[in-house]
Every structure is written in structure tokens, then in C-alpha cells.
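Data block below; observations after.
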Amino acid sequence: MPEQPRPAVAKAPTGLIPSLVGIRGYLSLVVVAVHLAPFAVAMVPVTASFFLPVWHHGYVALDLFFVLSGFVISSGYARTFARWPGRATFGKFLWARLSRFYPVHLAVLAAMVTAVLVSRAVGREIPHGGNLTWDLFRQLTLTSGWGGAHSLTWNGPVWSLSAEWACYLVLPVLLPLVQRLRSTAACVVGYLVACAIPLVVYSIIGFDDGTITYGMPLPRAFGAFLAGAALYQLTTVSDRVPAWLGRATGPLAVVAFVAIVVAATLGHSTLFALPLVGLVVPALAQRRGLLDHALSTRTSMIGGEYSVALFLVHVPWILAASLLINPRTFPGPVLGTLGIVLLVLGAFVLAWLAYVLVERPAQKWMRRLVRRAPGAPAKPVEERVESAVEQAPAGARPGDGR
């Protein structure tokens with residue numbers, strides 16, 4: 001019999017995808033808006049029509065963060081974790097991931113502990129201080145987002161980084177399983193099953209904020225992270241579906257937003273919109289259309305670079321600043337609006353300082369301590385982002401030749 005031609009292997013996205021960096025900044029802004037909402041509504045009640053929906057339903061931005069992380073980590077480390085890489089390589093991978101956020105986390109936590117100790121010494125209490133034993137230990141060990149907590153303490157948003165850290169710890173098991181999906185249909189089914197993990201779990205135990213945030217957040221993180229990994233695997237076995245998604249990136253983003261609105265209007269958790277929302281990631285990876293262009297500009301990428309710092313500093317800042325910036329000290333709609341602006345600007349300034357003074361120098365120092373893991377990207381994505389941001393003219397897309 002004549003030999004049958006082998007099916008063409010799809011060319012998966014490789015290298016830096018600017019829009020997947022740029023979108024991080026906008027997602028972090030949604031997270032800031034979620035945590036700012038109760039303060040904004042108290043100071044300027046007329047803003048409730050905007051901030052209340054964001055407060056109650058904007059958390060889906062974190063789920064898209066998890067999908068994005070699963071996609072990007074899979075694209076960078078698919079070869080490294082195709083089989084067990086060895087303890088040394090795995091350790092280098094974990095060290096590289098820690099360098100991205102742990103220095104800023106540690107600096108913010110140290111500042112909070114200092115503030116709590118000083119405030120207690122003068123007979124005052126800072127909100128969400130937490131205790132100096134178990135709560136602090138869980139923050140230091142990145143286990144605060146592994147479930148079993150009764151409330152958010154210290155730097156509350158760290159729960160999501162902690163949950164993502166748990167995904168990294170089992171990556172040598174997860175990626176080989178995902179890479180067994182070797183057809184378009186298998187990848188699509190794998191993606192839908194991954195999206196269903198949090199839906200099934202929380203349909204049984206409840207979708208309340210406490211459960212999905214600190215009571216039992218791991219199903220949420222693992223489900224979305226696996227969904228992102230399955231989407232990347234789809235780009236390696238097929239170019240037809242990803243190409244179609246790339247051509248429809250803008251309409252797809254609109255449909256995803258509508259799905260969030262519909263779920264919220266019907267009283268359902270916005271997690272039900274995740275199967276549609278997550279598709280925005282592989283669509284952007286095709287680097288086509290106006291949305292990709294907007295997210296690939298130097299301004300957007302700078303926002304993406306500062307996203308981790310903003311994510312880690314904004315809640316401690318808002319809680320501390322609210323002692324001085326509140327409805328009593330900033331009464332009325334005019335002063336109240338000024339207070340909201342000051343809260344936002346303060347978060348931005350602190351994020352910039354944390355990035356410049358802590359994140360970037362500490363990350364470079366940590367990189368120099370270990371050699372690159374075999375099979376890992378030749379240049380860490382953070383370095384590629386920094387180069388692209390520095391070289392791209394304002395308003396231009398990195399790599400577009402302008």
C-alpha cells in the first residue's frame with residue numbers, strides 16, 4: 001500500500017506574545033476596581049451603578065489570569081515538562097517563578113507586619129492585620145490560598161498567587177497529561193472538562209465568595225490553569241481552530257463580556273462564562289486584529305509589566321489610606337471623587353516604586369543565582385518583555401517595524 005501522507009503539525013505560538021503581556025495590566029485594573037468598589041460606593045454613592053456590578057462580578061478577571069498563566073507557562077515549558085525533568089530542573093523552574101512575585105510579596109508583607117506592630121503599640125488596629133502565627137506563616141509559605149481559611153488576612157490578594165503556586169508544584173504531572181491530547185476534538189473536550197472542574201465543585205459546595213476565594217479556591221485555580229494548558233495544546237495539534245479564533249478576536253471578546261453580563265443578570269456565578277472568556281487567550285496568541293494591536297502597544301505592555309506589583313500593593317494601600325481618605329474626611333461628591341482618584345493614584349505610584357525598587361532588581365539578582373533550566377526558553381519571558389517595552393516606540397506594537 002502506498003504510504004499515507006502524515007497530517008500537518010500545527011505551528012504553536014512561540015516567543016513573546018505582546019498582547020498576552022498587555023492584557024495582564026487591564027486585568028489587574030479590574031481587580032483593583034473590585035477591591036476599590038466598597039470604598040468608592042461609600043464615598044460617592046452615585047457611583048454604585050458602576051462599582052457594584054464590578055464588585056460582585058468582576059472577579060472573573062482572576063479566572064482569566066489563571067487561564068492566561070496556564071497557556072503561557074505551557075508555551076514556555078512544554079518541552080521541559082514533557083516528561084519528568086529531574087529535581088534540579090524543576091527547582092530552577094520554581095525559582096524562576098518565585099523571582100516574578102515573591103520579592104515584592106515579601107516586601108509588602110514586611111511593611112504590613114511593621115505597620116501592625118507599630119499600630120498595636122499605640123493602641124490601634126489596622127484592618128485585615130491577621131495574627132503573627134498561623135496566618136503569617138501561610139503568607140510566608142504561599143499556602144494561604146490552599147483552602148481552609150475563614151477569612152482573608154494580611155495581604156488578601158496573595159491567595160490567588162498561592163493557588164497558582166500550587167499549580168506550579170504539580171506541573172510535572174499536569175503537562176504530560178495535557179500533552180496526551182493529540183487531536184482537536186480531544187483538546188476541546190479537555191478544555192471544557194477543565195472549565196467544568198470549578199463549576200461542578202462549586203455547584204455542590206456553593207459559589208459564595210468565601211468558598212471560591214479562601215475556603216476552597218484550588219478547584220478554581222486548577223480548573224482555569226488546566227484550561228489554559230489545554231488551549232495551548234490545541235495550538236500544537238491544529239492551526240485551523242486557533243486561526244479562526246484569531247480572526248474573530250474582537251467579536252469573541254464582546255461575546256465573552258456579554259456572557260459575563262448574562263450570567264450576572266440571571267443571578268449565576270460569572271464562572272459559568274469561563275468557557276467563552278478563556279477563548280480570548282488563544283485568539284490573542286494569533287496576533288491579529290485591533291484588540292491584539294491595542295494590547296500590544298508599549299503602554300499596554302508597561303501596564304502588564306507593572307501588573308504583579310499593582311496586584312500586590314493595592315489592597316494594603318487602600319486599607320491603610322482609607323483611615324485618612326473616607327466619607328468623613330472627604331464628604332460630598334466632589335471631595336469624594338477626589339478621594340477615589342487619590343486612592344487609585346496612590347496604588348499606581350506604589351506599584352511603580354515596588355517594581356523599580358524591589359521587583360526588577362530582585363528578579364535579576366535571583367536569575368543570576370541559578371543557571372537556565374534545560375529546555376526552558378533561551379531568554380526568560382520577563383527579559384524579553386523588558387527588551388520589547390524599552391525598544392518599542394510609544395503607541396507601536398513591539399515587533400511591528402514601526
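Taking the residues in region 112-125 that are over 23 Å from the mean Cα position of the chain (by Cα) and under 25 Å from Leu357 (Cα atoms) as candidates, determine which candidate is least open to solvent (accessible area, probe 1.4 Å).
Val116
Select, from Ala243, Ala273, the only residue that is within 29 Å of Ala149 (Cβ to Cβ) and either not polar (S, T, N, Q) or not in a helix (DSSP H, G or I) (or both).
Ala273
Does region 192-208 contain at least one residue that is in contact with a His (Cβ under 9 Å, 6 or more places away or on another chain) and touching a residue at least 24 places away in the same chain (Cβ under 8 Å)?
Taking every residue of region 192-208 in turn, at least one turns out to be in contact with a His (Cβ under 9 Å, 6 or more places away or on another chain) and touching a residue at least 24 places away in the same chain (Cβ under 8 Å).
Among the residues of region 125-155, what is the count of those that are at pLDDT 90 or above and among the small types (Gly, Ala, Ser)?
Result for region 125-155: 2.
In region 288-329, how many are part of a loop (DSSP other than H, G, I, E, B) and not hydroxyl-bearing (Ser, Thr, Tyr)?
7
Okay, residues lined up against (1) in a loop (DSSP other than H, G, I, E, B); (2) over 23 Å from Lys92 (Cα atoms):
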| residue | (1), (2) |
| --- | --- |
| Val116 | no, yes |
| Glu125 | yes, yes |
| Glu164 | no, no |
| Val188 | no, yes |
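Would you confirm, using the coordinates I've provided, whether Leu335 is open to solvent by less than 40 Å² (accessible area, probe 1.4 Å) and hydrophobic (A, V, I, L, M, F, W, C)?
For Leu335, the condition - open to solvent by less than 40 Å² (accessible area, probe 1.4 Å) and hydrophobic (A, V, I, L, M, F, W, C) - is not met.
Looking at region 92-114, I want the residues that are among the small types (Gly, Ala, Ser) and have a partner that is open to solvent by less than 30 Å² (accessible area, probe 1.4 Å) and outside any helix (DSSP H, G or I) with Cβ atoms under 9 Å, at least 6 apart or on another chain. Which pairs are those?
Pairs that qualify, where the first residue is among the small types (Gly, Ala, Ser) and the partner is open to solvent by less than 30 Å² (accessible area, probe 1.4 Å) and outside any helix (DSSP H, G or I), are Ala96/Ala373; Ala96/Ala376.
Here is a yes/no grid of residues against (1) open to solvent by 20 Å² or more (accessible area, probe 1.4 Å); (2) assigned to a helix (DSSP H, G or I); (3) under 29 Å from Tyr232 (Cα atoms); (4) touching a helix residue (DSSP H, G or I) at 6+ places or on another chain (Cβ under 6 Å):
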| position | (1), (2), (3), (4) |
| --- | --- |
| Leu136 | yes, yes, no, no |
| Gly156 | no, no, no, yes |
| Leu161 | yes, yes, yes, yes |
| Leu181 | yes, no, yes, yes |
| Ala185 | yes, yes, yes, no |
| Tyr191 | no, yes, yes, yes |
| Pro198 | no, yes, yes, yes |
| Ser203 | yes, yes, yes, no |
| Tyr214 | yes, yes, yes, yes |
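Residue under question is Phe71, and the condition is that it be within 15 Å of the chain's Cα centre (by Cα) and crowded, with 18+ Cβ neighbours inside 10 Å; does it hold?
So Phe71 passes the test.
Consider Ala42 carefully, then state whether it is open to solvent by 20 Å² or more (accessible area, probe 1.4 Å), touching a Pro at 6+ places or on another chain (Cβ under 6 Å) and either in a helix (DSSP H, G or I) or modelled with pLDDT of 90 or more (or both).
Yes; evaluated as a whole, the condition is true for this residue.
Could you tell me how many of the residues in region 78-102 are at pLDDT below 90, open to solvent by 30 Å² or more (accessible area, probe 1.4 Å) and among the aromatic types (Phe, Trp, Tyr)?
1
So how many residues does region 45-93 have that are in a loop (DSSP other than H, G, I, E, B), within 28 Å of Asn326 (Cα to Cα) and among the small types (Gly, Ala, Ser)?
Total satisfying the criteria: 1.
So how many residues does region 173-215 have that are closer than 30 Å to Val54 by Cβ and either touching an Asp or Glu at 6+ places or on another chain (Cβ under 6 Å) or of a type in the set (Gly, Ala, Ser) (or both)?
Residues meeting the conditions: 6.
Cβ-Cβ below 7 Å, separation at least six or inter-chain, first residue in region 310-321 and under 16 Å from Gly130 (Cα atoms), second crowded, with 21+ Cβ neighbours inside 10 Å and of a type in the set (S, T, N, Q): which pairs?
So the pair list comes out as Val315/Asn155; Pro316/Asn155.
Enumerate the pairs (first residue in region 26-40 and under 20 Å from Val281 (Cβ atoms) and touching a residue at least 24 places away in the same chain (Cβ under 8 Å); second residue anywhere and open to solvent by less than 60 Å² (accessible area, probe 1.4 Å) and not hydrophobic (A, V, I, L, M, F, W, C)) with beta-carbon separation below 6 Å, excluding pairs fewer than 6 apart on the same chain, so at least 6 apart or on different chains.
Pairs that qualify, where the first residue is under 20 Å from Val281 (Cβ atoms) and touching a residue at least 24 places away in the same chain (Cβ under 8 Å) and the partner is open to solvent by less than 60 Å² (accessible area, probe 1.4 Å) and not hydrophobic (A, V, I, L, M, F, W, C), are Ser28/Ser307; Val30/Gly58.
Determine, yes or no, whether Arg240 is among the basic types (Lys, Arg), surrounded by fewer than 17 Cβ atoms within 10 Å (Cβ to Cβ) and modelled with pLDDT under 95.
Taking the combined requirement at face value, the residue satisfies it.
The values are calculated or read from the model by the stated rules, or taken from the named source; none is laboratory data. A quick note: this is a predicted structure, and the numbers were derived from the prediction, not measured. Glycine gets a Cβ as well: all are built from the backbone with ideal geometry, and neighbour counts include every protein chain shown. Side chains included, ligands, DNA and RNA excluded: accessible areas come from the protein's heavy atoms. Shrake-Rupley method; radii C 1.70, N 1.55, O 1.52, S 1.80 Å.
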